[in-house]
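The structure appears right after this line, and notes come after that.
The values are calculated or read from the model by the stated rules, or taken from the named source; none is laboratory data. Values in this document were obtained by computation on a predicted structure and should not be read as measured data. Positions of Cβ are backbone-derived with ideal geometry, glycine not excepted, and every protein chain shown enters the neighbour counts.
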Amino acid sequence: MAAPSFCVHGHFYQPPREDPLTAEIPLEPGAAPYRNWNERIHNQCYRPNADLGNFEKISFDVGPTLVDWMISYDPVAFRQIVEQDRKNLEKYGVGNAMAQAYNHTILPLATPHDKYTQVLWGIADFEYHFGHKPAGMWLPETAVNNETLEVLAECGIEYIILAPWQADVKDLDSSHPYRVDLSAGRRMDVFFYNQDLSTRISFDPGATINADNFLVDLLLPKFRSSKSINDDPQLIMIASDGELYGHHQPFRDKFLGYLLNGALTGQDIKASYPALWLQDHPVYHTANIHQNTSWSCSHGVTRWKGMCSCTPHGNWKAPLRNAFDELARALDGQYLAVIQPLLQDAWQLRHQYIHVLHGQVSLLDLVGSLTGKILEPEELKKVDLLLKAQFERQRMFTSCGWFFDDFDRIEPRNNVAYAAQAVWLTNLATGVNLEFQALALLKSVKSWRSGLRADMVFSHHLQRARKTPQLRQSSAAASNLSS
């Protein structure tokens, strides 16, 4: 008899807060008594959930930018998280952790080459830290279209999690996954979370005061009696930001721990996760998805490219998106002009650059493996600078830069700083100065509250960069030039 199953997915993520010149997070007064928001959220959420063993009991993803910071701040806590995934891997043959697209980029808005870079970097980062291949990948903001699914499937990802309204299915039954058929015989399995439970757990603090009541009053009624009678397997999934559990809502780390380790005791329900479910249950149902949709904007992906009612006063968003798209094309042009004469597929070098960032291979050896050539020191330095520029170019599309209603916030200002760093590094490598093009593009991006313009932020960063010794002109993830 198939026991009903229950899954909580936690999306744990923080945007990059590091100054690209110092690789350090500036003091953030709003996070007091902690030095910055990463520290505050870590101490309220990530460490308590790791200490309680909650990561072993749920499905989860941890964003690569958060992983990098956590390893430097509290490696013990991150090691706990990895070990809790590994326990499931050793017990069941599949882990409960998922990968995440590397820079939390809205993938439907990304170029095809950027989609591959984000997915391949996300997979490589997961393998490097968790020690095994990921079966699933969390899509930033669950933003999706068919082209994104094609890239995921081609790169070996088997499943994703989406909101129920992203399914193009009449009378969707979210208690089982669906298969989306793709080209070349590929497929993607999609788990759709339960909308009511996910909304209640995220936005109704009263619903999560008592785990026993939550189980009896809210969760159990979601299981379909008809499926139980027919012995049909069913999985009820809740998905939310992981920061909910202890940061956004105090003590919910303990609620989560008791829900999974106490309230379920004696109930005919077992905790599961997508990879384990797929191992035990074939996916028979098929579905299509609504194109260019997400979980946090009812207007699809408009929130990250223009005006929508989710964020009033967002008339700065389209100019910022257009400016970055144009700037990205200019940066790519300089990158290709130098790299294409060295190797046929310049994008393959960028895709594999993540292994240099991890220190698994030197840039000299990576270029040699792709070209069969040993570059002269000056050539290698030029390639190094351009790849660092491409790293910053990826960071400038971090989704948080468009999420809120005003430009004068740390997230969009950071994105502009990453763009300026990419321009600066490209100039160091090639002598081509894209500054004036960037300033012209960014001038129309303006805060409705303070009047701050994006070109001002861009200029300020370049002024700082010019005063910084050239040897320090690197991104937070500096390249290892020699083995």
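Results, tabulated for the structure shown:
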| read-out | value |
| --- | --- |
| Selection within segment 101-118 - in contact with a Phe, Trp or Tyr (Cβ under 8 Å, 6 or more places away or on another chain) and part of a helix (DSSP H, G or I) | Leu109, His113, Asp114, Tyr116, Thr117, Gln118 |
| Residue within segment 324-331 that is among the basic types (Lys, Arg) and under 20 Å from the mean Cα position of the chain (by Cα) present | no |
| Number of positions in segment 1-40 that are of a type in the set (A, V, I, L, M), loosely packed, with under 14 Cβ neighbours inside 10 Å and over 30 Å from Arg224 (Cβ atoms) | 2 |
| Test result for Ile229, out of contact with any Asp or Glu (no Cβ under 6 Å at 6 or more places or on another chain), farther than 17 Å from Ser5 by Cα and among the hydrophobic types (A, V, I, L, M, F, W, C) | no |
| Entirely in segment 273-358, the helices (runs of 4 or more DSSP H) that have 1 or more residues that are within 30 Å of Leu260 (Cα to Cα) | 274-280 |
| Selection within segment 138-154 - more than 15 Å from Asp114 (Cα to Cα), buried (at least 24 other Cβ atoms within 10 Å of the Cβ) and among the aliphatic types (A, V, I, L, M) | none |
| Candidates Lys227, Lys254, Lys222, filtered to the one that is more than 22 Å from Pro164 (Cα to Cα), more than 25 Å from the chain's Cα centre (by Cα) and assigned by TED's automatic domain parsing to the domain that holds Val62 | Lys254 |
| Answer residue from segment 283-320, given it is over 16 Å from Pro108 (Cα atoms) and of a type in the set (A, V, I, L, M, F, W, C) and is farthest from the chain's Cα centre (by Cα) among those | Val283 |
| Cβ pairs under 8 Å, 6+ apart, first in segment 176-192 and under 15 Å from Ala163 (Cβ atoms), second of a type in the set (Lys, Arg) | Val180/Arg187; Val190/Arg179 |
| When residues of segment 271-325 are limited to those that are of a type in the set (Phe, Trp, Tyr) and surrounded by 18 or more Cβ atoms within 10 Å (Cβ to Cβ), the one farthest from Asp61 (Cα to Cα) | Trp316 |
| Residue list for segment 250-280, filter: without any contact (Cβ under 8 Å) to a residue 40 or more places away in the chain and hydroxyl-bearing (Ser, Thr, Tyr) | Thr265 |
